[in-house]
Amino acid sequence: MEPYTKCKYRAYIVNDIAPFMGHLPLEAVTQLTDAAWVLHLECPLRPSYE
């Protein structure tokens, strides 16, 4: 994997995934969690979950 690709993937995790579901154990992530996350990303005024 190219260094740039790793950097972009880490940025997606830090900026988009972790704020919404980073506190959940992997087993708790379901299709409903994923759907809620997608809606969260589509919201223009995303609240911070940190």
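Dividing the helix sum by the residues of the chain, where each DSSP H run of 4 or more adds -39500 (n - 2.57), gives a mean residue ellipticity at 222 nm of -14500 deg cm²/dmol.
Calculated on C-alpha atoms, the gyration radius of the chain divided by its Kirkwood radius gives an Rg/Rh of 1.02. How far, in degrees from 0 to 90, does helix 3-12 lean away from the longest principal axis of the Cα atoms of the chain, to the nearest 10? In the chain, helix 3-12 runs at an angle near 10 degrees to the longest axis. The apolar share of the surface of the chain, taken as the fraction of accessible area on carbon and sulfur atoms (1.4 Å probe, ligands and nucleic acids excluded), comes to 63 percent.
Averaged per residue, the chain has 88 square angstrom of accessible surface, using a 1.4 angstrom probe with ligands and nucleic acids left out.
The values are calculated or read from the model by the stated rules, or taken from the named source; none is laboratory data. Remember, it's a predicted structure, so these values are computed and weren't measured experimentally. To get the accessible areas, we keep the full protein, side chains included, count just its heavy atoms, and leave off ligands, DNA and RNA. Shrake-Rupley method; radii C 1.70, N 1.55, O 1.52, S 1.80 Å.
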